[in-house]
Amino acid sequence: MIRAPEAWLASPFSPARVISLGRKSSPSVDGLIPPSELPSEDQRYTDITIYEGHLFPSDELTDANRVPDNVALVANDPYTLEIAIRLNRTGIGSDLAPSRSVTNPRQGQETLTIYVLAAPLGGVQIQDSLATVTWPYDADSESALFQMEVDTLSGGTLQERSIEIRILDDSLDLLDIVTVIVTVVAPEKQRKNTQGITPHRLLFPYKEPEKLEFNPSSKPRLVSIHVLSNSEGYRFEFVFRKANDEVIKIPVYRNIRTEDLNNLLAKVRDFWLRLVITNYAAKLSVTTSTYESYLKELRDCGVEAWSLLFGTRTSDQKGATERLGEIVASLDEILETLEASEAETIQITYSNSYSDFIFPWNILYSPTRKDEPVNPLRFWGARHKIEQVTKGPKKDRIDDIPIQVLFALDPNFGDSAVQRQMFEDYKAVAKSNLVVSDPISDQSTLFEGLIQVPSVHLLYFYCHGYAATRSGLLAADGVQSLRRLIENIRDNSTEESPTATALEKLMELTSKMAGESWIYLGDCEVKESDLKLLTFFEKRRPIVFLNMCQSADLFPSMSSGLVHVFLDHNASAVIGTESPMTSVFASAFAKRVLDALFAGDNIGTALWKARRHFLTTACNPLGLAYTLYGRVDARISRVTDPS
């Protein structure tokens, strides 16, 4: 759970709560604790103001009529939304204690270019929803202005509308995200009095920030994809840097039916299950012909995912044919760039309203002819480094020496002895620069390791696990598929299959957990509910590697399950598996990832290298079933030489 001193803010991955702070001189409401710090010269804040009428950058804002927080907007009337980063706030909620600050990740005395996006979440029309402004190192930013109107109300005297504000730096990193909630009144009920009016307010979806660090060696992100939901489906906003350094935003509306998405996820789930229990059950590689047949199946799933995501493109500029043409052309440019680029970072962020959207980003594959050979390095997870976040990167404080590793192990899990030896070998090479705990197989020792201050740098699990975030593995059809595959492997083998036995154990254990996520260590079951109640990850934001039989439950959302628990407790990055995983591959894959991580690569690069290694040299696609949540650029200090 969120620690007591931070209870005044919403959890980063649960539905956002309004930051109902008390006035500076009075206690807060709803039992929430206001922040103690007041503005200082190095702290600035996102400031949002609403003005009457449509304003332009050349207009003098001091002459404009500001809409008070307790006066409703009138449907169909023109307004302007102003967004800036300021030392002293003057806009919505400025009479309340300041919320979290936004820190400019500039280097030295450098003016930063920032991109401000205003995305209506329904009932609001904004003509141009992307603005580019500058933010000097020692002053407030310029103002971004958005002309807007509120749609006609359908029933009721007063209603609320939402606009999500995102601020990105020039590397397309997310600096801040906040939702503006406005109260609207119908034209015939227009009024200036404040009776019965809920004041306009702001929602902040994650905890207080830390100092952002500027890394001049880091490449800008290739694309930032933001996911929002609406009444008809999902909206994806692509923020993309063109060859001439122009940054554009492209809205893509997709009415993705739940049935279509579930069918796709079921296909992918069954594909991974079949591979794990059959040809990859006890070996890392298969014949070239078998591998090529698997790649074709995975490509078909990836193309289907591509069609769901890009099959129909429309803009938010309805009726503007020429504008729609520009947007389609720009999206085509993005897709061409994605195909041509390699080792670039794609950032996926989620709105507060994304409703647990789940998508198989790693296997996306652009459409090709059926008879065209499959290039395994064209799957998005092999071509790009993909991070899924709801907030921008922060300093994680995991770059000091010695590196401390918390090693949780189920001694009955396959290749557990190999895992023990792997860490012994790392320690022998790194000497005093690496400290690894003895293998932990009980809850009390695990919890002692979690709550130590400062936290460890790396938390590594090698065991059974299940994340009940969606109707995944043990949905009715999933159980039947799993049982059929287990029976098939037993019928066609004269020897006992350790993978089939392990998965039967997984089914047995999961049936006892009543839909709750858990980690199984030896004879110990560590429940998600117990982890939530624990305070851990103090003074460091570690990397968590959930190398478990099913740690991520088939493309989970970031709002629930084991991934959520560790991110919510401030992990900088979490890796999980999206399907049951053979211990043979889990052990070998972990070594590839950790080899690169201990040699100085960030976690996104380490994961990317490991996937590509097994795709190109071992005829094995299972690395695409590992997903990264959180920061791709989280890294520990180098303690071994590159292999």
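The values are calculated or read from the model by the stated rules, or taken from the named source; none is laboratory data. The shown structure was predicted, so the numbers you read here are calculated from the model rather than taken from an experiment. Cβ sites come from the backbone with ideal geometry, for glycine too, and all protein chains shown count toward neighbours.
The table below gives the values:
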item	result
Extreme residue, farthest from the chain's Cα centre (by Cα), among residues of the range 521-552 that are among the β-branched types (Val, Ile, Thr) and over 21 Å from TYR466 (Cβ atoms)	THR535
Looking only at the range 82-103, and only at residues there that are in a loop (DSSP other than H, G, I, E, B) and closer than 9 Å to ARG44 by Cα, the one that is modelled with the lowest pLDDT	THR103
Hey, THR535 in contact with a Ser or Thr (Cβ under 7 Å, 6 or more places away or on another chain) and either hydrophobic (A, V, I, L, M, F, W, C) or modelled with pLDDT of 80 or more (or both) or not	no
Elements of type strands (runs of 3 or more DSSP E) in the range 370-445, at least 3 residues being among the aromatic types (Phe, Trp, Tyr) and modelled with pLDDT under 95	none
Residue list for the range 360-369, filter: crowded, with 22+ Cβ neighbours inside 10 Å and assigned to a loop (DSSP other than H, G, I, E, B)	PRO360, LEU364, TYR365
Only listed residue being more than 24 Å from GLU372 (Cα to Cα) and not aromatic (Phe, Trp, Tyr), chosen from VAL268, VAL276	VAL276
Cβ pairs under 9 Å, 6+ apart, first in the range 614-627 and free of Cβ contacts under 8 Å to residues at least 60 places away in the same chain, second surrounded by fewer than 24 Cβ atoms within 10 Å (Cβ to Cβ) and in a loop (DSSP other than H, G, I, E, B)	THR617/SER285
